[in-house]
Amino acid sequence: MSKIHQKFVSAIIAMCCICLLTGCETEKTFSTMETTINPEEVSEEQFIEIVSPEEVVLCQLIGKNAVIDFIQNEKSEEWEEVSEIPKQAKLQYLIISYEKVTDEFWQKSGAPEISVGEEKLYEYNGDFYIESVFGDYVTNYRIPASSGEYMVELAQNGSDILDKNEIFANWDVNNFEVETEEEAVLNGSDEIFEAENEGNNQLFSADDLAKVSKEQKLEISCQDLGIICTMTDLEEIADFYNQMKRSTWLEIEDLPEEKSNICEITTYQLERHTTRKNLVENEKLVLFEAQNQYYILDIIPSHSSDIEDMEICYSIQDNIASYIKKLANLN
C-alpha cells in the first residue's frame, strides 16, 4: 500500500478512533462546566504517562481512580480550539496514553492491541496550550490555566515508574512494541487492507458509525443543481459506505486534465471538544468522468490554517460511479 494511501487510512481511522486521552464516555454537565464520569465506563486497562521533552518518563497515572482524576482535571469541555499556538510558547511535557483495545469492531478491523495517544503541553506567558497530534492531523487548543498547572504539578511531583511491558503483560498483551500513533495506525491499516484483499471486507453498521459520532450527515450536490440528496439516518449512511467499496479504489498520481465534474459528496460528524453540537465537514469526495472512466478526488480537511487539506486521487469502478449517480438522480 502506498504511503499516501496509508495517510488516507490513518486519517479515516483517526476520525473514527475513541477519545484516547479519556478512555471512557463522559457526561458533560454544561451548566456547571463539569465532567461527570461513570466509573463503570472507565477501563482498568489503561494508563497515562507525562514525559519530558527529552523523552524521560516523569509520572505514570495507573489505575482507574488516577485516570478519572486526570480526566476531571484536564477539563476538556473547556478547551478552546485555536488556529495556532504562539511561536514563543515552550514545550513543557508530552502526555501519552495507553489503552487496551477491547471494542469488538476495532479488534475485527485489525487495530493494534493497544491504542497509543499523544498530546503536547505548551506554556507561554501563563497561558497553556495543547497540541493534539494524530498522523498528519494537528489540532491546537487553549486550555484552562488550572488544567495546565495541574499537569505541570503532576510532572514535577513525579511518581514511581513501572516497566510498560509488565503493565501490558498484566493486560494479557505480550511483545507489544510501543510505536508512535502514526506508526500504529498505519500498521493496523495494512492489516485491514490485507483482510479486504482476501475478501473479508468489514461492513459498517449504524452501531459502528454511532461509536464514531452519534450524529452524522451526508450531502450530495451538483454545481448546477446545488444539494440534491441529504442523509442523516445512520443506517442509510452505513449502507452508503458499504456500497462505495473503498478497497477496490485504485490510487493514481493525478486526475486527467480534461474531465467533467459529476457531483460532490460531503460527510459531516460532530465536532470534538465543544459544548455545542456542531456538525463539521469530515470528508469530501468529488466524482469526475473522463473518456468513460470515473475518478474520485478525496479531500480530507485539516481544519487548520497552517496545514493544507489532504487530497488523494483514485480511479473507481463503473458500478460505484453508477451507484453515486443513482443517488444523485443523474442516471
Taking placed amide H atoms and a strict 5 Å upper bound, the residues 5 or more places from Phe204 or on another chain that come that close are Asn242
Please turn the phi angles of segment 296-301 into ³J(HN,Hα) values with the Karplus equation 6.51 cos²θ - 1.76 cosθ + 1.60 (θ = phi - 60°), one per residue in order, whole Hz, x for glycine and proline. 10, 9, 9, 10, 9, x
Pairs to check: Lys164/Lys284; Lys75/Lys164; Lys100/Lys325; Lys87/Lys214; Lys75/Lys284; Lys164/Lys214. Give those whose C-alpha atoms are more than 30 Å from each other in this structure. Lys164/Lys284; Lys100/Lys325; Lys87/Lys214; Lys75/Lys284; Lys164/Lys214
Counting only residues 5 or more apart in sequence or on a different chain, those whose built amide H sits under 5 Å from that of Glu215 are Leu270
Using the Karplus curve 6.51 cos²θ - 1.76 cosθ + 1.60 with θ = phi - 60°, work out ³J(HN,Hα) for each residue of segment 113-126 in order, rounded to whole Hz, and write x for Gly and Pro. 5, 10, 8, 10, x, 9, 9, 10, 9, 10, 9, 8, 6, x
Determine the gain in length on full extension of the stretch Thr248-Leu162; use 0.36 nm per residue of separation and subtract their C-alpha separation, reporting nm with one decimal. 26.5 nm
Counting sequence-distant residues (5 or more places) and residues on other chains, those with an amide H built under 5 Å from that of Cys59 are Ile50
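Laboratory data are not the source of any read-out in this text; all were calculated from the coordinates shown. Since we're looking at a predicted model, the values are computed, not measured.
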